[in-house]
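The structure appears right after this line, and notes come after that.
The values are calculated or read from the model by the stated rules, or taken from the named source; none is laboratory data. The model shown is predicted, which means the values in this text are computed figures rather than measured ones. Here the Cβ positions follow ideal geometry from the backbone for every residue, glycine too, while neighbour counts run over all protein chains shown.
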């Protein structure tokens, strides 16, 4: 069973208790691999800040446009969600409030034999008609060496 923890502070997200924030963010992760959210350029733009960046498991830095191009190729060459998510497991999922409406999500992702530690910085954006949504500001994945 996934381990899910959150701080007691909602980080300034109106109408959310800490469990609601953790649950909402749990549905966003693993970032870019949640097929049920849909996948389009519009969805990607909605879920990432214009200044979004990522540090990949290789240690390389990627800007928003590079991440989009990789995701578009990946999704175009994959026929079903199970092709990406088969045998994946998230553990040690935690949410920490670090500033008003800003949360740090950390977890360990098991993708078959590949294990990485992940961190995503999320900000709650309530400036649209749907009542608000979470926007990724930064993401990092670090490979865990063979144990």
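Results, tabulated for the structure shown:
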| quantity | calculated |
| --- | --- |
| Residue 89 being at pLDDT 95 or above and within 23 Å of residue 144 (Cα to Cα) | no |
| Pairs where the first residue, in region 69-81, is on the phi < 0 side of the Ramachandran plot and outside any helix (DSSP H, G or I) and the second is modelled with pLDDT under 65 and surrounded by 14 or more Cβ atoms within 10 Å (Cβ to Cβ), C-beta under 8 Å, 6+ apart | 78/84 |
| Scan of region 46-69 for residues that are surrounded by fewer than 14 Cβ atoms within 10 Å (Cβ to Cβ) and at pLDDT 90 or above, ordered by number | 50, 51, 59, 60, 61, 63, 65, 69 |
| Matching residues, region 100-120, being over 18 Å from residue 23 (Cβ atoms) and either modelled with pLDDT of 95 or more or in a loop (DSSP other than H, G, I, E, B) (or both) | 100, 108, 112, 113, 117, 119 |
| Leading residue by the ranking (modelled with the lowest pLDDT) among those in region 124-133 that are under 17 Å from the mean Cα position of the chain (by Cα) and either surrounded by 20 or more Cβ atoms within 10 Å (Cβ to Cβ) or assigned to a loop (DSSP other than H, G, I, E, B) (or both) | 132 |
